[in-house]
Amino acid sequence: MISLRRQIINIAFLVFVFCLPKTLVGQDPVFSQFYNAPMQLNPAFAGSNYNPYVALNYRNQWPGIANAYNTYAVSYDQFVEGMNSGFGLALLSDDAGDGVLKTNKLSGIYAYQLKIKDDLQLKIGIDASIVQLRLNWEKLIFFDQLDPQFGTTTAGGSPIPSQEQRPDNLSKRYFDISSGLLLFNENYYFGLSLKHLNTPDQSFIEDNLAEDELKTRIGIHGGYQIVLSPSNKRRQGSFLTPNVLFVRQGDFSQLNAGAYVSLGSFFAGGWYRYSGSNGDAFIVSAGISVGYLKIGYSFDYTISDLTISTLGSHEIGVIMNFRNARSKRSKYNDCLRLFR
């Protein structure tokens, strides 16, 4: 009976998340370790590290519910001093509903940096992407396939058929464009990102309805850097950064508030995530930074009605910041150490 109850919960989750049959509706993945996925947060971060910069990210959300979401991301960016510009390339792959819907996104990113006055800098970024969606129709479960006692089968064990009509095309491609601003000096940073400015159509059925459009995602983020001990030739300095991240997309909203602390080679952080009108999760993270390599792990402890039976969410972030002997450390006289 316990396994059947678990099966019903997993099935109900898939049905409600994807709102089938007509349109698959969802929100963009948002990394808890946003500081280890800067270009996923805001395209204006491209080139902020001056050196070649590689970010690898993995997120496993709610593994206790039918392998709900697995997200992979990799990005490369670099600053070109002669053009005062940053260039980046990013790839994101998202697997939702244990293979029901797969999303692959390839992005080209550009950011231009302006000096406003003294040490105050403004970066303007744009992200142009090609996105491919793939739907596994055979894994879908509809309301008319659910039996309150036996799940997706009859009393005799036969699968229950659905009357829903299979779309002609189970693969879809579209162009997606985003932009962002990043304002910063040596003490604070403030960013604004606008994802999906062209509100692309995600539907697998050609009906041209406004509800099929991917809603524009508005992201606002900021923080303040408090230096605890300065860096020198022998050791890394220490700092504390209280920060906040707010995201809104359609009817969905999320607010993360917390702080990140770096103590030499070790760093840690804690955040509270508030989603919609309810508390959603406590986030804890920790990691090490040695030379050009930075590795972090984070765990989201679910406190919403989904409860910790979802097994929370897990993230791993790996950063490679290829500094060299000719890197001008004076250029790092800003508050963006959190993202390095």
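As a summary of the residue check, GLY97 satisfies the conditions (1) surrounded by fewer than 16 Cβ atoms within 10 Å (Cβ to Cβ); (2) more than 24 Å from LEU192 (Cα to Cα); (3) not aliphatic (A, V, I, L, M) except for the one numbered (1).
Taking the stated definitions as given, is GLN149 free of Cβ contacts under 8 Å to residues at least 60 places away in the same chain, closer than 24 Å to LEU214 by Cβ and either outside any strand (DSSP E or B) or in contact with a strand residue (DSSP E or B) (Cβ under 6 Å, 6 or more places away or on another chain) (or both)?
On the way: free of Cβ contacts under 8 Å to residues at least 60 places away in the same chain: yes; closer than 24 Å to LEU214 by Cβ: no; either outside any strand (DSSP E or B) or in contact with a strand residue (DSSP E or B) (Cβ under 6 Å, 6 or more places away or on another chain) (or both): yes.
No; evaluated as a whole, the condition is false for this residue.
In the range 288-299, the qualifying residues are those that are out of contact with any Gly (no Cβ under 9 Å at 6 or more places or on another chain) and outside any loop (DSSP other than H, G, I, E, B), and the one that is farthest from GLY312 (Cα to Cα) is VAL290.
Just to be sure, is SER203 farther than 23 Å from ALA90 by Cβ, modelled with pLDDT under 95, touching a helix residue (DSSP H, G or I) at 6+ places or on another chain (Cβ under 6 Å) and polar (S, T, N, Q)? Yes: the conditions hold for SER203. Residue selection: SER285 fails the criterion of being assigned to a strand (DSSP E or B), polar (S, T, N, Q), surrounded by 18 or more Cβ atoms within 10 Å (Cβ to Cβ) and over 17 Å from the mean Cα position of the chain (by Cα).
Of the strands (runs of 3 or more DSSP E) lying entirely inside the range 33-133, the ones with 3 or more residues being under 23 Å from PHE267 (Cβ atoms) and in contact (Cβ under 8 Å) with a residue 60 or more places away in the chain are found at 53-61. Restricting attention to the range 106-120, the residues that are under 25 Å from ASN60 (Cα atoms) and crowded, with 19+ Cβ neighbours inside 10 Å add up to 1. Looking at the range 124-142, can you tell me whether even one residue there is surrounded by fewer than 19 Cβ atoms within 10 Å (Cβ to Cβ), closer than 25 Å to VAL247 by Cα and among the small types (Gly, Ala, Ser)? Yes, because at least one residue in the range 124-142 is surrounded by fewer than 19 Cβ atoms within 10 Å (Cβ to Cβ), closer than 25 Å to VAL247 by Cα and among the small types (Gly, Ala, Ser). You will find that of PHE299, PHE246, PHE266, the residue that is farther than 30 Å from SER231 by Cβ, without any contact (Cβ under 8 Å) to a residue 60 or more places away in the chain and not hydroxyl-bearing (Ser, Thr, Tyr) is PHE246 and no other. Take the conditions modelled with pLDDT of 70 or more, over 25 Å from GLY250 (Cα atoms), out of contact with any Phe, Trp or Tyr (no Cβ under 7 Å at 6 or more places or on another chain) and not acidic (Asp, Glu) and apply them to MET83. Does it pass? Yes: the conditions hold for MET83.
The values are calculated or read from the model by the stated rules, or taken from the named source; none is laboratory data. Predicted, not measured: the structure shown is a model, and the values here were computed from it. Note that we place each Cβ from the backbone using ideal geometry, even for glycine, and neighbour counts take in every protein chain shown.
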